[in-house]
1. Kindly evaluate residue 54 against the criterion of being touching a Phe, Trp or Tyr at 6+ places or on another chain (Cβ under 7 Å) and surrounded by 21 or more Cβ atoms within 10 Å (Cβ to Cβ).
2. Would you say residue 103 is modelled with pLDDT under 95, under 30 Å from residue 38 (Cβ atoms), not assigned by TED's automatic domain parsing to the domain that holds residue 28 and not hydroxyl-bearing (Ser, Thr, Tyr)?
3. Here is a list: 259, 264, 255, 295. Which entry is in contact (Cβ under 8 Å) with a residue 60 or more places away in the chain and closer than 30 Å to residue 36 by Cβ?
4. Step by step: first the residues of region 102-112, then only those that are away from the ligand (no atom under 16 Å from the Cβ) and not in a helix (DSSP H, G or I), then the one that is surrounded by the most Cβ atoms within 10 Å (Cβ to Cβ). Which residue is that?
5. Being under 30 Å from residue 151 (Cα atoms), at pLDDT below 90, loosely packed, with under 15 Cβ neighbours inside 10 Å and not hydrophobic (A, V, I, L, M, F, W, C) narrows it down to one of 221, 241, so name that one.
6. Can you find even one residue in region 114-121 that is surrounded by fewer than 18 Cβ atoms within 10 Å (Cβ to Cβ), over 21 Å from residue 16 (Cβ atoms) and of a type in the set (S, T, N, Q)?
7. Counting only residues that are under 14 Å from residue 314 (Cβ atoms) and basic (Lys, Arg), which one in region 276-289 is surrounded by the fewest Cβ atoms within 10 Å (Cβ to Cβ)?
8. Identify the single condition in (1) in contact with a helix residue (DSSP H, G or I) (Cβ under 7 Å, 6 or more places away or on another chain); (2) within 16 Å of the ligand (Cβ to nearest atom); (3) within 17 Å of residue 235 (Cβ to Cβ); (4) part of a strand (DSSP E or B) that residue 99 does not satisfy, given that it satisfies every other one.
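The values are calculated or read from the model by the stated rules, or taken from the named source; none is laboratory data. What you see is a predicted model; the values in this text were computed from it and never measured. Note that each Cβ is placed from the backbone with ideal geometry, even for glycine, and that neighbours are counted across all protein chains shown.
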Amino acid sequence: MNQIIIHVDMDAFYASVEMRDHPSLRGKPLIIGSMPNERGVVATCSYEARKYGIHSAMNIKEAYRRCPNGIYMRPDFDKYKAVSAQLHEIWNTYADASEYIALDEAYLDVTGKAKNFDGAREIAHTIKRRTHDELGLSCSVGVAYSKTAAKTASEEKKPDGYFEIPDEKAIMDLMTERDVRSLYTVGVKTAEKLHDAGIHTVRDIQEQREEVIRLLGKQGQWLTQIAFGMDDRKVVPYLPQNAKSISRELTFQEDVSNDVLLKDVLFLLSLCVDNRAKRYGLYGKGITLKITFSDMKNITRSKAVMSCESAIEIYKEAVQLFEQVKKRPIRL
Ligand SMILES: [Mg+2]
């Protein structure tokens, strides 16, 4: 099977959009996310802010400790969604199929349109040029034979990067001597487990497959495959009619115990879900309520329903589920 896949990822997306629109922010440590006096995390930050060790998902208080003189801004998701739609338009011109991973990130299957690697390289550079010329933004692009390799390639020369990984040998040459942490999907915790077991490099994973699988189970199996560059996953385009569920959630700024307020929020969320379902002509056969409490414990409660076709019905079912839950302060 020969696929040619592009992974495109915008550089510091939210921050770059804001710096494009507000020239006074350029060259400054800009942190998009919660405000330092709130509970929450960094969504994105500019490269200047990264010099202070700030990164996505960092606790906002920790970010503030590292960079009290930074500029802190809330995200403007409506704006980023609009930019994302413009990006999709560019990407889709060159792709046989597009799989959006986030507002600013996608896998593009270009096997048919590119014909070969030279063609794919040209597409990648066209995407970069158009993104810059038409939207005033920069992206990093990887071209490769698989999704994992394309993702790895786009990371390789960030920001404003371009890199290609044409085959399994190329990714093994690149990765084998690196720390396990550099392997796609290996996070801090997984890396720690591997390190504790004396497995430090990608080569160690290649040589100690049994041990990796024993340690990490299913994830271990996956890692032993990608350590050898094996990944034949396809680019799966997002189609609304394939959606198995529609959900909406809301995280509170402060824990909420007030039943009346919580039910109001449930109603708003029901409206949002219903709205989305109607847009695609869908109806529900089950309702799930997810709650995160103040101590970050999650619960979900589900029930099957005959058919759920209005916001009121969704709301009534959700409230029933809610009332079965023992009351304590709720965060989400
Ligand atoms: Mg990005």
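1. On the way: touching a Phe, Trp or Tyr at 6+ places or on another chain (Cβ under 7 Å): no; surrounded by 21 or more Cβ atoms within 10 Å (Cβ to Cβ): yes.
Judged against the criteria, residue 54 is not a match.
2. Numbers: modelled with pLDDT under 95: yes; under 30 Å from residue 38 (Cβ atoms): yes; not assigned by TED's automatic domain parsing to the domain that holds residue 28: yes; not hydroxyl-bearing (Ser, Thr, Tyr): yes.
So residue 103 passes the test.
3. Details: 259 fails: closer than 30 Å to residue 36 by Cβ; 264 fails: in contact (Cβ under 8 Å) with a residue 60 or more places away in the chain; 295 fails: in contact (Cβ under 8 Å) with a residue 60 or more places away in the chain.
It is 255.
4. Step one: of region 102-112, the residues away from the ligand (no atom under 16 Å from the Cβ) are 109-112.
Within this subset, residues satisfying the condition of being not in a helix (DSSP H, G or I) are 109-110.
Numbers: 109: 22, 110: 25.
Filtering first and then ranking leaves 110.
5. Working: 221 fails: at pLDDT below 90.
Checking each option against the conditions leaves just 241.
6. Yes.
7. Initial filter on region 276-289 (under 14 Å from residue 314 (Cβ atoms)): 276-278, 282-289.
Imposing the further condition that a residue be basic (Lys, Arg) reduces the set to 276, 278, 285.
Values: 276: 15, 278: 13, 285: 9.
Only one residue fits best here, namely 285.
8. Looking at each condition in turn, residue 99 falls short on (1).
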